[in-house]
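Written below as structure tokens is the structure these notes are about.
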């Protein structure tokens, strides 16, 4: 093991997006990485991408310091048992989005839990597979660690070093607490997004022509891979079902109140909107700090090369740091509205700089 | 009236975000604009912003060519009746997000429908009031027009000229069809977003620390003003209730299937995710064209002034047009991942240009 605690030699079981990304991140730190995947094509691609060497089928030789099991939630326990029988490594971790069920299954199968530290990097992409992998996938992201009561402290230290080496922030919490948290902030919203998007399958062309940024945002994650997600949802069934039922109840009640039509009913629907305001404001802002309160500067931009460069150049000249940026699309026109989030003190300076250079910036 | 059909003199009743924005857009075209609002402070601010002059309380003089009733849905019919009694204008339109109920109420109140052309610009912001107004709010956006059977063609022509003068695209459709469409693509998703956000009011700090871009996107519109929205939702109650019930049913069924836990049940949940994929893919892409299939180039960026400028400059040098841009936040770290959407043929060129300049761009 290197002095900074980063394992000198690891094995990655499963060369999908997450496994290959971990391998790439560690290769950049000089770690020796051995790869294995039951899909030969996926394994070959990961090797080709420089993520490591293929693990020989037969004798493994000296156990690695760490094996990362980057397999779907339902496969974690059997993969762990198999890896431990083969003596692949001294310490094991997984990366599944669900933590309680795989741990329970591992215990039932008789896996050695002292060397196992369940983990979950909160990073992903709408694409999957080794081709989408990148060594910087985990930079600055939270990475949940849910040690079992049996997990040895030395094993936790090795897995924590892995997290840090990938540039992520370790967040230690209980497996059940983890599963409820991700049901609330990820798995539940995912199904809701799909349910809203599913309504659009029956929409006419005219209705689709009236879509704005709101429904685009609400349904963005509905574009994700259903095969990956069904495994996550079924493995975290109860917490996800709890969230979906609560949302379904709120929506059914709102529908019934709207049909009721009385003023009292309207007040109750407004309560839901107010609770929505309150919940939204609890999402932490950029850099994990307090919810952000940036000022937004809007610029109308023609859709041609170089336009954005000139705007960002002007911002640089004004010494203004752009904290966030979005483009509001303009259906049917080669125009967009660029929204630049900046610190409130810098908004006027940026607006003036842009106006002086001929852009239309509302006051 | 000017030669291009743009009214030479209009009255705007209601100086909120939409009314003031319309006034600003027409002032830029040289139209004489008279403003009125029951809230004196709002009116004064709109005048100060250069949106027009205050309409004198007493004698109105020569009727204007057009009066725009920029009031909440519930106030449209009474405002129309009052305006027609005062003889404010030759033609009337409104801008409410709901079309059938105000029209029905106007008919019941005995308004003259021959001079009335209901309208709805599909534009808005998370902020409201005259201070948030901008003359370019409607640029490239759809603007629904729902003429009543009684509406005279000349009246429709005047309102169409208004839409065009504001830079928007007129979309003519039936009031009931409009209301069902916006329930599906705007009002329904709005309540769903609020219901997901409302769940977060009970979330622990740890859960909130695990939030990613997905839940941020799903809940963005939950930050909107509940007072504005309750008026919209109650005026479009039945179509919105239909959408909410359908979504609630899908979610309740998904919850029940997840609790069931059988493989058959999982297949049904996967069906919902697949329907979500299908619905999401129907949302038109930028410029109202086919759903976009841009390639995404990802760049890791330190959070410091000038960094984005240099990246967009490099894109300009490579002759690559950036179609869309988002920044993925990195909680707890001064780093972000910039995602640049470009035409598939330009992705490799851009990636190489950025790599040559020292940025980390995954392959």
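Brief remarks on what is shown
- Relative contact order [Cα under 8 Å, 6+ residues apart], segment B:30-98, whole percent: 29
- Angle between chain A longest axis and helix A:153-165 axis [Cα atoms, degrees, rounded to 10]: 50
- Cα-based convex hull volume of segment A:85-229 per residue, rounded to whole Å³: 144
- Computed on segment B:9-173, the Cα convex hull volume stands at 98 Å³ per residue.
- Using a simple spin-label model with pseudo-atoms 7 Å out from Cα toward Cβ, residue B:205 and residue B:48 lie 4.1 nm apart.
- Structural descriptor for segment B:9-173: relative contact order 24 percent, calculated from alpha carbon pairs under 8 angstrom and at least 6 residues apart.
- Take B:313-321, A:190-198, A:165-173, B:341-349 and order them by the average number of nearby Cβ atoms within 10 Å per residue, most first; the result is A:190-198, A:165-173, B:313-321, B:341-349.
- As a length-normalised measure over Cα pairs under 8 Å and 6 or more apart, the relative contact order of chain A settles at 12 percent.
- Averaged over the residues of A:227-237, the number of partner chain Cβ atoms lying within 10 Å of the residue Cβ comes to 4.
- Label separation (residue B:108 vs residue A:62): 8.5 nm, computed from points 7 Å beyond Cα along the C-beta direction.
- Folded to 0 to 90 degrees: helix B:263-280 orientation relative to chain B principal axis, Cα: 50
- Taking the empirical scaling 2.2 N^0.38 Å for compact globular proteins as reference, the protein assembly as shown has a Cα radius of gyration ratio of 1.04.
- Percentage of interatomic Cα-Cα distances in chain B larger than 32 Å: 47
- Cα centroid separation - segment A:1-74 against segment B:11-25, whole Å: 61
- The C-alpha atoms of chain A define a longest principal axis, and helix A:76-86 lies at about 30 degrees to it.
- Per the Debye calculation on segment A:179-280 with a single equal scatterer at every Cα and no solvent contribution, log₁₀ I(q)/I(0) for q = 0.11, 0.20, 0.22 Å⁻¹ amounts to -0.43, -1.18, -1.25.
- For chain A, modelled as a GNM whose springs connect Cα atoms under 10 angstrom apart, the maximal fluctuation among A:202, A:30, A:19 occurs at A:202.
- Computed E for residue B:40/residue A:256 - FRET, C-beta separation, R0 35 angstrom, nearest 0.05: 0.35
- Computed over chain B, the per-residue total of -39500 (n - 2.57) for DSSP H runs of n ≥ 4 gives a 222 nm mean residue ellipticity of -13500 deg cm²/dmol, rounded to 500.
Values quoted throughout were computed directly from the atomic coordinates according to the rules given, and no laboratory measurement underlies them. All values derive from a computational prediction rather than experimental measurement. When we count neighbours, we look across all protein chains shown, and the Cβ atoms used for this are built from the backbone with ideal geometry, even at glycine.
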